[in-house]
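Asks: Would you mind keeping the following structure in view while I ask a few things?
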Amino acid sequence: MPASPFRFACLNLAGVSLLACLVLPARATAQVAPPKPATADAPASASSNEYRLGPGDRITVGVSGLDQLGQSARVTNSGKMHLPYLGIMKVAGLTSGELEALIARQLKERGLVKEAWVSVRVDQYRAQHVYVLGEVMSPGQFVIKDEMYLTDLITLSGGFNEKATPTGFLYRRKEHVAGMPEGSAPSDDAIPIDFAALNEGTRPELNVKLRGGDVLYVPERRAEYFFVVGDVGIPGHFEFAAGVKSLPASQAIAKAGGPLRTAKMSAGLLVHFNPDGTREEIKVDFKAILEGRHPDVHVRPNDIVFIPGSAGKTIGYGLLGAIPGMAGQRAVTR
């Protein structure tokens, strides 16, 4: 995970659309030749990501040499449509390529044509919906129009808000497979989405082409804090920026307003809390660090930086014992 997954500030705090800052190669590099019309012997191939027809879609069917069959019609609520010579056909759930192959095969089987070249075009998308849940500006339901990709969906939702995590999940219903018990439903795939990689274009495969029923979930980021107490200008607790897991102690002290004139910087302490609940106190010469004579140390979530004063060391140690109880309080980012 990059150190600062929300480099693209226009996605969240300002509530600005992704359109202004996402320039991904996925749409540009995914240029493929248009599919050839299907024939009975050479059906069009369909990838698992291809759009599937459903009620409300308006489609146009064309057959070379059969002008009477070529027509534009809307798929009924029952997922069917009427075609001359072939009657009522169930088309819901099929891709354009699968419907082309089905029409070509039936025309050939009925002896209507020797070799049928069939094309199916979706003119209006009405059936397929996708959803955005969680920490975006406008969560809700959206209709797939033409081809829709993940970045299009994020754009429609207004981008991320300030609580969004750097990683979300795309939930996608698995296809029904042969041998599955009758009445059982396939489970969902949970695809992790690294929003920083999506934004930077380092993983263009994350900009997936959406299918009806897809759900993008953007969890709420859990705030993490560090503490600076003792002889500093603004003692208290401070929130880490999104995606940041550590901070140089010199920066942590600066966020607390810097040391006071009475501070004993050379007698500082850095307190770590270990996963097993034990506490580790490390003596740190913060004066030497600020003067460049010692390397900086890093502050992690829940760490405490203690700067004693000329008369406040004992009081400061008392604060160290009380600080863990402050972790549940609401922090003000400084």
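The values are calculated or read from the model by the stated rules, or taken from the named source; none is laboratory data. What you see is a predicted model, and the numbers here were worked out from it, not measured in a lab. Every residue, glycine among them, receives a Cβ derived from its backbone with ideal geometry; neighbour counts consider all protein chains shown.
Asks: Could you please let me know if LEU153 is in a helix (DSSP H, G or I), out of contact with any helix residue (DSSP H, G or I) (no Cβ under 6 Å at 6 or more places or on another chain) and in contact (Cβ under 8 Å) with a residue 40 or more places away in the chain?
Replies: Judged against the criteria, LEU153 is a match.
Asks: Would you mind finding the one in SER157, SER138, SER119 that is closer than 30 Å to LEU86 by Cα, polar (S, T, N, Q) and either in the same structural domain as ALA73 (by TED's automatic domain parsing) or at pLDDT 90 or above (or both)?
Replies: SER119
Asks: Turning to a different aspect of this structure: I want to confirm something. Restricting to the stretch 163-208 and keeping residues that are of a type in the set (Lys, Arg) and under 19 Å from PRO139 (Cα atoms), which single residue is modelled with the highest pLDDT?
Replies: ARG172
Asks: Scan the stretch 98-108 for residues that are within 13 Å of LEU86 (Cβ to Cβ) and either free of Cβ contacts under 8 Å to residues at least 12 places away in the same chain or hydrophobic (A, V, I, L, M, F, W, C) (or both) and jot them down.
Replies: Those that are within 13 Å of LEU86 (Cβ to Cβ) and either free of Cβ contacts under 8 Å to residues at least 12 places away in the same chain or hydrophobic (A, V, I, L, M, F, W, C) (or both): LEU99, LEU102, ILE103, ALA104, LEU107.
Asks: Find the strands (runs of 3 or more DSSP E) located wholly in the stretch 217-322 whose residues include 3 or more that are surrounded by 14 or more Cβ atoms within 10 Å (Cβ to Cβ), at pLDDT below 95 and not hydrophobic (A, V, I, L, M, F, W, C), and list them.
Replies: It comes to 236-239.
Asks: Here's something else I'd like to know. Name the strands (runs of 3 or more DSSP E) wholly within the stretch 60-122 that hold at least 1 residues that are under 20 Å from ARG211 (Cβ atoms)?
Replies: Those strands (runs of 3 or more DSSP E) span 87-90.
Asks: Considering only the stretch 98-121, state which residues are surrounded by fewer than 21 Cβ atoms within 10 Å (Cβ to Cβ) and under 11 Å from LEU53 (Cβ atoms).
Replies: GLU98
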